[in-house]
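S.K.: This structure is in structure tokens; I'll ask about it shortly.
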Amino acid sequence: RIRFISQSSEGCQPFSDTWEGVLHWTLLVPEVQGYEIKTYFLFHLQKYKELEKSVRVEEIDGMKVVKNLSKKMEEMFRKKKEAIRVHISLVEAAEEAHLQHEENPELQYEYFNAVLINNVDEEGNNVELGGEFVLEPNEHFNNLSVNLSLSVVQVPTNMYNKDPAIVNGVYWSEALNKVFVDNFEKDPSLIWQYFGSAKGFFRQYPGVKWHPDEHGVIAFDCRNRKWYIQAATSPKDVVILVDVSGSMKGLRLTIARQTVSSILDTLGDDDFFNIIAYNQEIHYVEPCLNGTLVRADRNNKAHFREHLDKLFAKGIGLLGDALTEAFTILNDFNQTGHGSVCSQAIMLVTDGATQMYDDVFAKFNWPDRKVRIFPYLIGRESAFADNMKWMACANKGYFSQISTLADVQENVMRYLHVMSRPKVIDHEHDTVWTEAYMDSTGSIIVSRKSLMTTVAMPVFSTKNETVRGILLGVVGTDIPLQELMKIIPKHLLGIHGYAFAITNNGYILTHPDLRPLYQKGQKRRKPNYSSVDLSEVEWEDKDDFLRNAMVNRKTGTFSMEVKKTVDKGKRLLKMHNDYYYTEVKGTPFRCWLVVFTVYDFLQCTFLGCVSTYSFDRTYCNTDEHYEHRSLSQIQAIKLYLTGRKPLIKCDRELIQEVLFDAVVTAPLEAYWTGLALNKSENSDKGVEIAYLGTRTGLSRTNLFVVPEDLSNQDFLTAEDKEGVFNADHFPLWYKRAAEQVPGTFVYSIPFGGKVTLTLNVPLLHPEIPHPLNTALPDLKDIKCYLIDNNGFILVTEDYSQTGEFFGEVEAAVMTKLLLIGSFKRLEKGKTVLVPCDTEYPAFVSERTIKETTGNIDCEGCVRSFVIQQIPSSNLFMVVVDNKCDCSSTLPVWFITISILNPSEHNESLKCDRLKFQKDRKRPESCHPFHPEENAMECGGAAGLSAPLTAALLPLLATLFTR
């Protein structure tokens, strides 16, 4: 972790790390003249020495870097929050627009429906709510066709587009269009802004067309999104009681299952829950969670949903026992301090209650009524409706009757209004931030998804009835995680250095590994990325020291040995990491952490290019002002240096360093041109392309053949996602070269690519050895293989085996090499594997073993082999005699194992995982109840029978006076 500082009369000016690099060659044949590489290196070293007097060595302070990074994040998050809170606030604009609006049940209003815009009927006329809507591709929105002047409105498929409540809400929320546009002009880095209505509609800016799925359905409901739930309600502990008595058979049980599933949709990561099925006995849906609650993360909710299908109806229902169990759980769990320690609720899903169970409520819930009761009456019959309505009204809850599957969604959503009442009455506009999640609207708009975090805030009615607690909805804006990556000073962190952030629950906001899973060599994102705990990626921290320190908002350092997978899980690197962590103030992202990898040599720089150059990092912020957004990084740098654009913000230190690299590498163009001319006589073979780059992002490339003759047409192009580097990515060829002993060659063949040998040389030492001669003998009685230090075949007589793992081709030999220690099997994985965990087996050579011979007994026939390390390279020559048939030996498979089937794992281990509660920090805001709440607004209270109403009013009066 060293950089160089220039000495000048104005003081120390930051320039660059020790100008080291990795020389890269792409070859048609495995043949290159070593003296040419050595000549280049000496030439490069001489140029550097000319500038050596102008620089000095300075160690990078990791804690200083992480604190500066934290401040940049605070500033970025502050700006996003301002977009919805201050100036022409979305919240203020929404509340004012609603205040000025008078509800009109007869209102007719044509609005732009996100699904119907630009749709025409058979006669070519625009369909209703689908008027002509101008859409233009916009690079800032991933080239989606959008309208920057207007928003669109999406209504869930199960709701009527022209329902009076929807039309009135859409009408008054039109006032947000101007605010959306003004916010975007002030902060061009903003992407989606929106208002999610408590009525169910979703207003989104900029306007964009939505596309239903193959069944013509859009299941998206903004009220189920985490940003809505967290902003609308306080954290809560919930017990769901499901009646599975005999009367619930058939359709009623189906509706009950869907009701429970919809309730689960409304729970977020700050909530805790359990589900109990009851008849004459108490049945925990997940037996191992008897008497406790679990966090409502996506993993746990999915696990419970699987168990819902196993419910069946029989016997009689003893609701009193079930209520007693639910109250007991909530009280005991609250005492542990592990839950939300805020709101509490019991959701009752049943087809009836024969009594009011006032004795149970008197014992456990009165007079404080800290636990709200939400009864859901399943079926069309209403014989027991009065009893269930009474339960809701007497316990600050809400009663709903669900007759069909179509009624489920809207009836379940009503409880959110009740839970939000205390926050509304307190008029607390708490700002909430979500953990990372996969943007589901992206797949609805077009077939692409991206990782997001959202900042959101509730909107309340400011009319006279506010004391009743009316939630209008939630406003929010998205922040793509890629935007966070731009502010990471990657050039200061080193090859394997990285930064990441976690939430108050210990879940990852952003991490370079993104908890990768591999299937057939392809990375796939975890479906529940939003609930990946830090311990799942930094799993070597077995005692959770690092995780707990970050969750508890501490500042400090930590070191540990780690293993890191590269090359799509095929290779494993062993490293020593230094961690520096601190909090990000003003957000629930407790810490931002930077990891440095410690090497026993000075930090390397990138490979790049020669006859053409480019800048591949973010040097200037071109998003902040609209007029800068069309600028390339090179254009922005020029304007910054000339002072012609004083408002443009650039990283001065990084620009100085890349300019230093440009000066050092500038003479190489003439050198490489001369080398190309000398090779013109043998242009049919040899070097195809050479490139060199620096860790500051400077790239130079030179072709030794015409582009059409390149073996790999995508290499170092925009399509080559693995070979190029950017703000958050160091290519594999560079990482591998940096791991080699200084001054050695690194040969490789890209997996799945053409048979083109790649040569990398880390330029860390002036002595470059003689080149490798890879000519193989043509002998019938032996087989020859050239394999790399991870056991992959680079050269053999059978071209079809190129790129294959040696253990799959020569199982007996590889087994013997593992036995004698020439190669070792390494695994990145936990001792306890759970569904969706991934194990990364990899193989690595033992560098100290230069040559080994051995014999293998293959059913009475002795087969001999020799393995010898190629000097100054990452290669081994393996010669095996071909006299014996050893095909009966089981292959040494090289695979990445994804554990996907829960049934294959020990049930007790799965239960331990469910019950284990990791450290977390509860949200600071909590609004469980308010004395001014109107408890009589409890669903069907207006329809209570006269005797029941007479019984309820004295009870409520008594409770209110206590």
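S.K.: Cβ contacts < 7 Å: first residue open to solvent by 50 Å² or more (accessible area, probe 1.4 Å), restricted to region 642-660; second residue of a type in the set (S, T, N, Q), any location; separation 6+ or different chain. Result?
M.R.: Sorted first by the residue in region 642-660, then by its partner, the pairs are K649/N621.
S.K.: Restricting the search to region 320-339, which residues are open to solvent by 10 Å² or more (accessible area, probe 1.4 Å) and not in a helix (DSSP H, G or I)?
M.R.: Scanning region 320-339 gives G337, H338.
S.K.: Pairs, please: C-beta under 9 Å, at least 6 apart or cross-chain, first residue assigned to a loop (DSSP other than H, G, I, E, B) and in region 88-109, second among the aromatic types (F, W, Y)?
M.R.: So the pair list comes out as H101/Y171; H101/W172; N104/Y171; L107/Y171; Y109/Y171.
S.K.: Please go through region 855-879 and give me each residue that is of a type outside the set (V, I, T) and without any contact (Cβ under 8 Å) to a residue 40 or more places away in the chain, ordered by number.
M.R.: Filtering region 855-879 for residues of a type outside the set (V, I, T) gives 855, 857-861, 863-865, 868-869, 871-877.
Listed by number, the residues that qualify are N855, D857, E859, G860, C861, S864, Q868, Q869.
S.K.: Got a number for residues in region 788-815 being in contact (Cβ under 8 Å) with a residue 40 or more places away in the chain, open to solvent by less than 60 Å² (accessible area, probe 1.4 Å) and more than 36 Å from the chain's Cα centre (by Cα)?
M.R.: The number of residues fulfilling the criteria is 6.
S.K.: Another question about this same structure. Please state which one of L190, L176 is touching a strand residue (DSSP E or B) at 6+ places or on another chain (Cβ under 9 Å), of a type in the set (A, V, I, L, M), at negative phi and modelled with pLDDT of 90 or more. Outline the logic, then answer.
M.R.: Numbers: L190 fails: modelled with pLDDT of 90 or more.
Answer to the selection: L176.
S.K.: How many residues does region 142-191 hold that are basic (K, R) and under 29 Å from N621 (Cα atoms)? Break it down into steps so the answer makes sense when it comes.
M.R.: Residues of region 142-191 basic (K, R): 162, 178, 186.
Add one more test, that the residue is under 29 Å from N621 (Cα atoms), and what stays is 178, 186.
Going through region 142-191 one residue at a time, the tally reaches 2.
S.K.: For region 74-111, give me the residue count where each residue is among the small types (G, A, S), at pLDDT 75 or above and in contact with a Ser or Thr (Cβ under 8 Å, 6 or more places away or on another chain).
M.R.: Here is the first cut: in region 74-111, the ones among the small types (G, A, S) are 83, 89, 93-94, 97.
Checking the rest, the ones that are also at pLDDT 75 or above come to 89, 93-94, 97.
Checking the rest, the ones that are also in contact with a Ser or Thr (Cβ under 8 Å, 6 or more places away or on another chain) come to 94, 97.
Final tally of qualifying residues: 2.
S.K.: Right, something else. Restricting attention to helices (runs of 4 or more DSSP H) lying wholly within region 459-565, give those where 2 or more residues are in contact with a Gly (Cβ under 8 Å, 6 or more places away or on another chain) and modelled with pLDDT of 75 or more. Before you say what the answer is, go through the steps one by one.
M.R.: Numbers: elements: 481-486, 490-493, 534-537, 545-551.
Correct list: 534-537, 545-551.
S.K.: What tally of residues in region 374-390 results from selecting those that are buried (at least 24 other Cβ atoms within 10 Å of the Cβ) and out of contact with any strand residue (DSSP E or B) (no Cβ under 6 Å at 6 or more places or on another chain)?
M.R.: 2
S.K.: Regarding region 307-316, can at least one residue be identified that is outside any loop (DSSP other than H, G, I, E, B) and under 23 Å from A256 (Cα atoms)?
M.R.: Yes; the residues of region 307-316 include at least one that is outside any loop (DSSP other than H, G, I, E, B) and under 23 Å from A256 (Cα atoms).
S.K.: Across region 254-264, which residue is farthest from the chain's Cα centre (by Cα) among those that are open to solvent by 10 Å² or more (accessible area, probe 1.4 Å) and in contact (Cβ under 8 Å) with a residue 60 or more places away in the chain?
M.R.: To start, the set of residues in region 254-264 that are open to solvent by 10 Å² or more (accessible area, probe 1.4 Å) comprises 254, 257-258, 261.
Adding the requirement that they be in contact (Cβ under 8 Å) with a residue 60 or more places away in the chain leaves 254, 258.
Numbers: T254: 34, Q258: 29 Å.
Once the filter is applied, the top-ranked residue is T254.
S.K.: Restricting to region 372-403, count the residues that are in contact with a Leu (Cβ under 6 Å, 6 or more places away or on another chain) and part of a strand (DSSP E or B).
M.R.: Residues meeting the conditions: 2.
S.K.: Give the residues of region 154-184 that are among the hydroxyl-bearing types (S, T, Y) and either in a helix (DSSP H, G or I) or touching a Gly at 6+ places or on another chain (Cβ under 6 Å) (or both), sorted by residue number. Spell out the reasoning first.
M.R.: Taking region 154-184 first, the residues among the hydroxyl-bearing types (S, T, Y) are 157, 160, 171, 173.
Hits for region 154-184 are Y171, S173.
S.K.: Against the condition modelled with pLDDT under 75 and out of contact with any Gly (no Cβ under 9 Å at 6 or more places or on another chain), how does G743 come out, does it pass?
M.R.: yes
S.K.: Can you find a residue in region 211-219 that is touching a residue at least 40 places away in the same chain (Cβ under 8 Å) and buried (at least 22 other Cβ atoms within 10 Å of the Cβ)?
M.R.: The answer is no, given that none of the residues of region 211-219 is touching a residue at least 40 places away in the same chain (Cβ under 8 Å) and buried (at least 22 other Cβ atoms within 10 Å of the Cβ).
S.K.: I've got another one for you. Which of the residues spanning region 909-929 are of a type in the set (K, R) and either surrounded by fewer than 18 Cβ atoms within 10 Å (Cβ to Cβ) or not in a loop (DSSP other than H, G, I, E, B) (or both)?
M.R.: Selection gives K910, R913, K915, K918, K921, R922.
Here is a yes/no grid of residues against (1) over 26 Å from H576 (Cβ atoms); (2) touching a helix residue (DSSP H, G or I) at 6+ places or on another chain (Cβ under 7 Å); (3) among the hydrophobic types (A, V, I, L, M, F, W, C); (4) open to solvent by less than 20 Å² (accessible area, probe 1.4 Å):
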residue	(1), (2), (3), (4)
K463	yes, yes, no, no
I470	yes, yes, yes, no
T477	yes, yes, no, yes
P480	yes, no, no, no
K486	yes, no, no, no
H491	no, yes, no, yes
A499	no, yes, yes, yes
I502	no, yes, yes, yes
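S.K.: Only one residue in V127, V91, V134 is open to solvent by 60 Å² or more (accessible area, probe 1.4 Å), on the phi < 0 side of the Ramachandran plot and among the β-branched types (V, I, T). Which one?
M.R.: Selected residue: V134, the only one of V127, V91, V134 that is open to solvent by 60 Å² or more (accessible area, probe 1.4 Å), on the phi < 0 side of the Ramachandran plot and among the β-branched types (V, I, T).
S.K.: Considering only residues that are open to solvent by 10 Å² or more (accessible area, probe 1.4 Å) and outside any loop (DSSP other than H, G, I, E, B), look in region 185-210 and name the one that is nearest to V152 (Cα to Cα).
M.R.: Out of the qualifying residues, it is E185.
The values are calculated or read from the model by the stated rules, or taken from the named source; none is laboratory data. Just so it is clear, the structure is predicted and the values come from calculations on it, not from any experiment. Cβ sites come from the backbone with ideal geometry, for glycine too, and all protein chains shown count toward neighbours. With ligands, DNA and RNA removed, areas are computed over all heavy atoms of the protein, side chains included. Shrake-Rupley method; radii C 1.70, N 1.55, O 1.52, S 1.80 Å.
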